[in-house]
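Take a look at the structure below.
The values are calculated or read from the model by the stated rules, or taken from the named source; none is laboratory data. Everything numeric in this text was worked out from a predicted model, so none of it was measured. Positions of Cβ are backbone-derived with ideal geometry, glycine not excepted, and every protein chain shown enters the neighbour counts. Surface areas here come from the heavy atoms of the whole protein model, side chains and all, with no ligands, DNA or RNA. Shrake-Rupley method; radii C 1.70, N 1.55, O 1.52, S 1.80 Å.
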Amino acid sequence: MTSDIVLRIEPARKTDTPVILRMIQALVDYERLTHEFSVTESILERALFGAQPVAEVALGYVGAEPVGFAVYFPTFSTASGQTGLYLEDLYVEPQWRSRGIGRTLFAHVARLAAERGGGSLTWSVLNWNEGAIRFYRSLGAERVQDSSTFRLVGRAFEQLTREDR
């Protein structure tokens with residue numbers, strides 16, 4: 001991080017939901033995934049701050065201005081018995097990029113994984129996002145070669161859920 005910036009990282013609070021939603025919308029736009037965007041403040045509030053939160057958010061601030069965020073949740077490897085965190089999203093506002101903020105947020109999540117007894121941080125990146133891939137490689141990350149991400153959504157998901165037990 002450049003010396004002229006003091007980044008403060010805090011766990012998100014329920015009152016931060018509109019800021020988180022705004023940043024998610026910006027990330028979805030950047031990733032060219034607007035056709036998948038359907039989250040609302042109410043969905044986010046339930047998922048992040050409800051009775052059983054499914055993920056956590058760390059917000060990065062410069063002064064009082066929110067400049068980035070990381071969304072993450074626990075993982076478990078049955079093969080190794082190792083826990084870790086899955087980084088669902090890492091986002092820095094465009095005007096704050098290339099100043100070390102993304103790296104600091106990333107390191108923050110890695111430290112949280114270690115403090116919680118974990119030994120890994122996992123995430124995925126869109127194949128076309130060369131800037132992000134360069135960033136991850138600069139951290140020492142390795143691409144998982146023997147794995148492909150699959151997803152079951154929409155009609156296929158609904159059909160499977162209706163199958164006889």
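Largest first, the residues Glu36, Glu163, Glu115 sort by 1.4 Å accessible area into Glu115, Glu163, Glu36.
Taking 8 Å as the Cα distance limit and 6 or more residues as the minimum spacing, I'd like the relative contact order of the stretch 15-165 as a percentage. The partial results should precede the final answer.
On the way: 151 pairs, mean separation 22.0, N = 151.
That works out to 15 percent.
Heavy-atom surface analysis with a 1.4 Å probe gives the stretch 58-102 a carbon and sulfur content of 55 percent of its accessible area.
The portion of the accessible surface of the stretch 1-48 made up by carbon and sulfur, rounded to a whole percent, is 56 (1.4 Å probe; DNA, RNA and ligands excluded). Along the axis of the charge dipole computed for the chain (Cβ charges of +1 for Lys and Arg, -1 for Asp and Glu, origin at the Cα centre), the listed residues Ile101, Pro18, Leu90 are led at the positive end by Ile101.
Taking amide hydrogens as placed 1.01 Å from N in the peptide plane, the amide H of Asp89 sits under 5 Å from those of Val71, each at least 5 positions away in sequence or on another chain. For the chain, the alpha-carbon coordinates run over 60, 36, 33 Å along the three principal axes, in decreasing order.
Give the ranking of Leu59, Leu7 by solvent-accessible surface, highest area first, calculated with a 1.4 Å probe.
Putting Leu59, Leu7 in descending order of accessible area: Leu7, Leu59.
Using the Karplus relation 6.51 cos²θ - 1.76 cosθ + 1.60 with θ = phi - 60°, the per-residue 3J(HN,Hα) values for the stretch 103-113 come to 4, 5, 5, 4, 4, 4, 5, 4, 5, 4, 4 Hz, with x marking Gly and Pro.
This model, with +1 at the C-beta of Lys and Arg and -1 at the C-beta of Asp and Glu, gives the stretch 44-165 a dipole about its Cα centre of some 220 debye. Farthest towards the positive end of the charge dipole of the stretch 55-165, among the residues Phe76, Thr149, Leu121, is the Cα of Leu121, using unit charges on the Cβ of Lys, Arg, Asp and Glu. Legend: translational diffusion of the stretch 69-165 by Stokes-Einstein, Rh = Kirkwood radius over C-alpha pairs, 20 °C, 1.002 mPa s; D = 138 µm²/s.
Counting heavy atoms of the protein chains only and a 1.4 Å probe, report the per residue accessible area for the stretch 1-138 as a whole number of Å².
Details: 7860 Å² over 138 residues.
Per residue, the stretch 1-138 has 57 Å² of solvent-accessible surface.
The order of the peptides 42-53, 142-153 by mean Cβ neighbours within 10 Å, most packed first, is 42-53, 142-153. Each Lys and Arg contributes +1 and each Asp and Glu -1, all at the Cβ; summed about the Cα centre of the stretch 1-77, the dipole is approximately 160 debye.
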